[in-house]
1. Can we say ARG155 is charged (D, E, K, R), surrounded by fewer than 23 Cβ atoms within 10 Å (Cβ to Cβ) and closer than 28 Å to ARG34 by Cα?
2. Would you call GLY75 in a helix (DSSP H, G or I), at pLDDT below 75 and surrounded by fewer than 19 Cβ atoms within 10 Å (Cβ to Cβ)?
3. If you go through the range 31-42 one residue at a time, do you hit one that is surrounded by 20 or more Cβ atoms within 10 Å (Cβ to Cβ), out of contact with any strand residue (DSSP E or B) (no Cβ under 6 Å at 6 or more places or on another chain), touching a residue at least 24 places away in the same chain (Cβ under 8 Å) and among the polar types (S, T, N, Q)?
4. Take the residues in the range 128-146 that are part of a loop (DSSP other than H, G, I, E, B) and either of a type in the set (Phe, Trp, Tyr) or at negative phi (or both); name whichever of them is modelled with the highest pLDDT.
5. Could you go through the range 148-167 and let me know if any residue there is more than 19 Å from THR31 (Cβ to Cβ), in a helix (DSSP H, G or I) and out of contact with any Phe, Trp or Tyr (no Cβ under 6 Å at 6 or more places or on another chain).
6. Could you grab the pairs with beta carbons closer than 9 Å, sequence gap of 6+ or different chains, first residue in the range 61-75 and closer than 9 Å to GLY176 by Cα and of a type outside the set (A, V, I, L, M, F, W, C), second one modelled with pLDDT of 75 or more and exposed (fewer than 15 other Cβ atoms within 10 Å of the Cβ)?
Amino acid sequence: MDFLTILLIALALAMDVFAVSLSIGTTRQATLPRPIFRLAFHFGLFQFFMPILGYLAGSTFAQYIHQFDHWIALGLLGFVGIRMIRAGFDPEESAFQGDLSRGKNLVILSLATSLDALSIGLSLAMLGTNVLYPCVVIGIVSSVLSVVGLLAGHRLGIWFGKKMEILGGVILIGIGLRILVTHLAE
């Protein structure tokens, strides 16, 4: 598999990471270098490991996950999106308690954005492609786009305030619905 193909796959997978990072950035809760690094690192790490899991699991395990992974992604992204929308309408409320770059919120977001990468790993196994190099590219691209999304979202949050949290929540729910529709249309 050539580099351009791998890069296009990485960009496609990283679009969810970018959109989620943009949404997180609008909350202005991850503005310091350390939380930005943790979010970008974990998004990239999950995007790196999920294709490896898909590759190792082969058709048996991935087939069962593929039957409901879109519902899991919708549920996780919908849950976070609804919290952001509610917080956007209430000037006193925050969408997330505590640091988004730690704990269960970080795991939920990382998992929700990386479930599609399982099927990429399965595809790589079927093609007989070496999985490590594409996974490294996917992880790096996802981390970079996460940082870009966080910084852009932070700027938008400064300019437009709590309205951006509402938009960020709608975007997350939209991503979940797109994942669901894409899988149901297959």
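1. Details: charged (D, E, K, R): yes; surrounded by fewer than 23 Cβ atoms within 10 Å (Cβ to Cβ): yes; closer than 28 Å to ARG34 by Cα: yes.
When the stated conditions are applied, ARG155 passes them.
2. Against the criterion (in a helix (DSSP H, G or I), at pLDDT below 75 and surrounded by fewer than 19 Cβ atoms within 10 Å (Cβ to Cβ)), GLY75 does not qualify.
3. No, there is no match, as no residue in the range 31-42 is surrounded by 20 or more Cβ atoms within 10 Å (Cβ to Cβ), out of contact with any strand residue (DSSP E or B) (no Cβ under 6 Å at 6 or more places or on another chain), touching a residue at least 24 places away in the same chain (Cβ under 8 Å) and among the polar types (S, T, N, Q).
4. VAL131
5. For the range 148-167, residues more than 19 Å from THR31 (Cβ to Cβ), in a helix (DSSP H, G or I) and out of contact with any Phe, Trp or Tyr (no Cβ under 6 Å at 6 or more places or on another chain): present.
6. Final answer for the pair search is HIS70/VAL181; HIS70/THR182; HIS70/LEU184.
The rows are residues; the columns are (1) in contact with a helix residue (DSSP H, G or I) (Cβ under 9 Å, 6 or more places away or on another chain); (2) among the aliphatic types (A, V, I, L, M); (3) modelled with pLDDT of 75 or more.
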| position | (1), (2), (3) |
| --- | --- |
| ILE82 | yes, yes, yes |
| ALA87 | yes, yes, yes |
| ASP99 | yes, no, no |
| ASN105 | yes, no, yes |
| ALA112 | yes, yes, yes |
| SER119 | yes, no, yes |
| VAL148 | yes, yes, yes |
| GLY153 | yes, no, yes |
| LEU156 | yes, yes, yes |
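The values are calculated or read from the model by the stated rules, or taken from the named source; none is laboratory data. Just so we're clear, the structure is a prediction, and the values are computed from it rather than from any experiment. Cβ coordinates were reconstructed from backbone atoms using ideal geometry, including for glycine residues, and neighbour counts include every protein chain displayed.
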